[in-house]
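Submitted below is the structure of interest, expressed as C-alpha cells.
The values are calculated or read from the model by the stated rules, or taken from the named source; none is laboratory data. Computed from a predicted structure; not experimentally measured. Don't worry about glycine lacking a Cβ; one is built from the backbone with ideal geometry, like all the others, and counts go over all protein chains shown. With ligands, DNA and RNA removed, areas are computed over all heavy atoms of the protein, side chains included. Shrake-Rupley method; radii C 1.70, N 1.55, O 1.52, S 1.80 Å.
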Amino acid sequence: MLVEFSVENYRSFKERQTLSMVASNKKSGRNSNSFPMPNVKSLRLLTSAVVYGRDSSYTDPLGSV
C-alpha cells in the first residue's frame, strides 16, 4: 500500500515534492474518502487522490522514462 511518495531532482522536480495519502483531521467528508488504518486508531488514509498539472490538465513527468 502506498502511503507517501516523494521525488526530488528528477525531470521537472528540482525540489523535494511529496504526495501523502494521510487524511487530514477535518470532520467533513471523512467517511466518504478515507478509512482508518487497522491497529492504528489515530491514522486515516485517503482512498483516492488526483494530481493536476499547471494548466489543470493531466501531466505525466514521472511515467515517461
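Name the single residue that is nearest to the chain's Cα centre (by Cα) among those in region 5-23 being of a type in the set (A, V, I, L, M) and in a strand (DSSP E or B).
LEU19
List every residue pair whose Cβ atoms lie under 6 Å apart, where the two residues are 6 or more positions apart in sequence or sit on different chains, the first residue falls within region 9-26 and is without any contact (Cβ under 8 Å) to a residue 12 or more places away in the chain, and the second residue, located anywhere, is in a loop (DSSP other than H, G, I, E, B).
So the pair list comes out as ARG16/GLU8.
Might you let me know whether region 45-56 holds any residue that is open to solvent by 100 Å² or more (accessible area, probe 1.4 Å) and at pLDDT 75 or above?
Within region 45-56, one or more residues are open to solvent by 100 Å² or more (accessible area, probe 1.4 Å) and at pLDDT 75 or above.
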